[in-house]
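The values are calculated or read from the model by the stated rules, or taken from the named source; none is laboratory data. Keep in mind that what you see is a predicted model, and the values were worked out from it rather than measured. Here the Cβ positions follow ideal geometry from the backbone for every residue, glycine too, while neighbour counts run over all protein chains shown.
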């Protein structure tokens, strides 16, 4: 039947669509969760890296402060620190070479410049009451300093600028004993939050690495989704085709049963009046033996009755439901094919 393919496709869509929608929703949820998990891993990795760098700087500052500053040759890149008040800030060697003292703050600034030029990240020392105005906090750092005063242990954020995304991490800088040499006059006491030290990490490399991970997850998830969807559709199509065939067979059986019942009832009802007509025709033929014209008409009538009887026999012997075109798009039962195509061989005389 021409409607079978359409019926199969409709059943396939009916069976497969709910499962495909469920699988799609689950994949979207899992993909969203995985991407969020990757972003969390990236932030954690950046935080660990930034914290390690900051702790290294703090250790280096502690070493410097423990030696009450270190001396380096005076140069254009390292001039004397105008904000360092110390009678021994500048010294001259016996050879006449000039040296200046690097305190922890000055050293941190130089480390930051070196790291920025060679590694791409920068350190920054800041305070709400800086001795050097260039160490004044920006709005984000000022907020972090207020949080540190309230007991916060660290602060981090991601900023987006012309150079791409930037990860900023900041921890409090507490006053230690060597620090009091310069900062006691500002009112700081031991273990006070004197400021903060931050590091800014460009995220280009990290973003590239984690975007590749996300891309791999998306490709893998898409391939798995396609395989599962194809499997669901294939199983649904196979099941739908089987169901469609069973429906078509049931429909054919129903049509056959209805046709047999209707044909049997019609044959039974028609055979009784047909028998009467044949009997009366035979009687008329016997009584009108001398009337040749009437006899011819009665013979023709009996032939047609025989044809009707053969049709009734076919109707009673229907074993299949076969149709044949009739008028326009109408179809009727093909008795010859439905009854096993057993011909009668009778012709009109």
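A few comments on the model shown:
- Qualifying residue in region 255-262 (condition: at pLDDT below 80, touching a strand residue (DSSP E or B) at 6+ places or on another chain (Cβ under 9 Å), under 30 Å from residue 9 (Cβ atoms) and part of a loop (DSSP other than H, G, I, E, B)): no
- Hits in region 31-60 (condition: loosely packed, with under 14 Cβ neighbours inside 10 Å and within 21 Å of the chain's Cα centre (by Cα)): 32, 33, 36, 37, 39, 40, 41
- When region 103-129 is filtered for residues that are over 26 Å from residue 163 (Cβ atoms) and surrounded by fewer than 20 Cβ atoms within 10 Å (Cβ to Cβ), the ones remaining, listed by number, are 128, 129.
- Residue within region 26-41 that is assigned to a helix (DSSP H, G or I), touching a strand residue (DSSP E or B) at 6+ places or on another chain (Cβ under 7 Å) and modelled with pLDDT of 90 or more present: no
- Residues being over 20 Å from residue 312 (Cα atoms) and surrounded by 13 or more Cβ atoms within 10 Å (Cβ to Cβ) - total across region 252-280: 1
- When restricted to residues that are closer than 17 Å to residue 311 by Cβ and touching a residue at least 12 places away in the same chain (Cβ under 8 Å), region 249-282 contains 11.
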